[in-house]
Amino acid sequence: MKKITSSILIIVNSLIAFGQPTECGCYEGIGFSINDTPILVTKFDNGQILTVCGYLEKRISPTEVKVSEFNVFNCNTGESLVEFGALENCIVRFENSVLIIDKLSLLPTGDNWKWTYVTVGSQQLFKNGNDIVVTPLKPNFKMVGIPQNRINSLFKEIEKLKGKGYSDAFEEIIGKLELLALNNNIQAYNILMDFNIYFGFITDGATREQLDDAISTINFITNRNMH
C-alpha cells in the first residue's frame with residue numbers, strides 16, 4: 001500500500017478531538033491490511049463506529065478526506081459496508097451525523113477544457129436505531145455550461161481525425177466527449193459508443209479503460225441509453 005503522508009500525530013489528535021476511539025482499526029481490504037491506521041474514524045451516538053481505510057489523497061479537515069482504493073468498515077463487526085477501487089477517487093466527510101461519500105471524476109470542465117475533479121455520484125451512511133443504513137450510490141452531477149463555439153471547434157477537430165487511426169489526442173477527446181455527453185449532447189455520446197469504428201482504431205490499454213469508464217459514467221448519470 002502507498003504510504004499515507006499525513007502524520008500520525010495529526011490523525012491521533014483529530015480522533016481525540018472528535019471523541020473517536022483510537023482502538024478502532026482497519027480490516028483486510030483492497031490495497032491495505034489489518035495493520036494499517038484508519039484514515040478517518042467516525043462515531044455515531046447509537047454506539048456504531050465506522051473506519052475509512054485506504055489511500056489518502058488529501059486531508060481536507062479532521063472530518064473530511066479525499067481518498068481512493070478504500071473500504072468503509074463497521075468497527076464493531078469488521079464488515080465492509082462500502083468499497084471503491086484504485087481508479088476511483090472520492091471525497092468522504094462526516095457531517096451532521098452522516099458519513100457522506102462523493103464519487104469524483106476528472107473532466108475538462110474548466111476554462112479552455114482544463115481538467116478538474118467534479119462530483120458524479122453520492123451515497124450516505126447514517127444511523128437508524130441501533131443500525132447503520134447504507135444508501136446506494138446515486139447520480140449527482142451538475143451540468144456544466146460550455147460555449148457553443150468551443151463545442152463546434154471540438155467537432156471540427158474530431159471530424160479531421162475520422163478514420164485516421166490512433167491519435168495522441170484521444171485522451172483529451174474522450175474526456176471532452178464525455179463531458180458533452182453528460183450535458184445531454186447525443187452526438188458526443190454516439191461518437192464515444194462507436195469510437196473504434198469512427199476513428200478506425202481498436203482501442204486497448206489505458207485508452208480502452210478510459211473509454212469504458214466514460215461510457216459507464218455517462219450511463220450511470222443519465223440512467224438511460226442515449227444511443
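The values are calculated or read from the model by the stated rules, or taken from the named source; none is laboratory data. Everything quoted here is computed from the prediction, not taken from an experiment. Ideal geometry is used to build each Cβ from the backbone, glycine not excepted, and the neighbour counts take in all protein chains shown.
Scan the range 155-174 for residues that are more than 26 Å from the chain's Cα centre (by Cα) and assigned to a helix (DSSP H, G or I) and the total you get is 7.
All told, residue 94 meets the bar of being over 28 Å from residue 183 (Cα atoms) and among the aromatic types (Phe, Trp, Tyr). Is there a residue in the range 195-206 that is among the aliphatic types (A, V, I, L, M), in the same structural domain as residue 159 (by TED's automatic domain parsing) and under 19 Å from residue 151 (Cα atoms)? Among the residues of the range 195-206, not one is among the aliphatic types (A, V, I, L, M), in the same structural domain as residue 159 (by TED's automatic domain parsing) and under 19 Å from residue 151 (Cα atoms), which makes the answer no.
Restricting attention to the range 121-133, the residues that are touching a strand residue (DSSP E or B) at 6+ places or on another chain (Cβ under 7 Å) and touching a residue at least 12 places away in the same chain (Cβ under 8 Å) add up to 7.
Taking every residue in the range 96-113 that is touching a residue at least 12 places away in the same chain (Cβ under 8 Å) and not assigned by TED's automatic domain parsing to the domain that holds residue 177 and pairing it with any residue that is of a type in the set (Phe, Trp, Tyr) and outside any loop (DSSP other than H, G, I, E, B), at least 6 positions away or on another chain, the pairs with Cβ-Cβ distances below 6 Å are 98/126; 104/117; 106/117.
Conditions tested, residue by residue: (1) modelled with pLDDT under 95; (2) not small (Gly, Ala, Ser).
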{"residue": "4", "(1), (2)": "yes, yes"}
{"residue": "17", "(1), (2)": "yes, no"}
{"residue": "20", "(1), (2)": "yes, yes"}
{"residue": "31", "(1), (2)": "yes, no"}
{"residue": "72", "(1), (2)": "no, yes"}
{"residue": "81", "(1), (2)": "no, yes"}
{"residue": "87", "(1), (2)": "yes, yes"}
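Within the range 175-221, the set of residues being more than 19 Å from residue 89 (Cβ to Cβ) and touching a residue at least 60 places away in the same chain (Cβ under 8 Å) comprises 176 only. Being buried (at least 19 other Cβ atoms within 10 Å of the Cβ), in a strand (DSSP E or B), assigned by TED's automatic domain parsing to the domain that holds residue 132 and more than 18 Å from the chain's Cα centre (by Cα) is a condition met by at least one residue of the range 51-67. For the condition touching a helix residue (DSSP H, G or I) at 6+ places or on another chain (Cβ under 6 Å) and surrounded by fewer than 17 Cβ atoms within 10 Å (Cβ to Cβ), residue 202 qualifies.
Annotation for the range 134-146: no member residue is closer than 30 Å to residue 31 by Cα, without any contact (Cβ under 8 Å) to a residue 12 or more places away in the chain and β-branched (Val, Ile, Thr).
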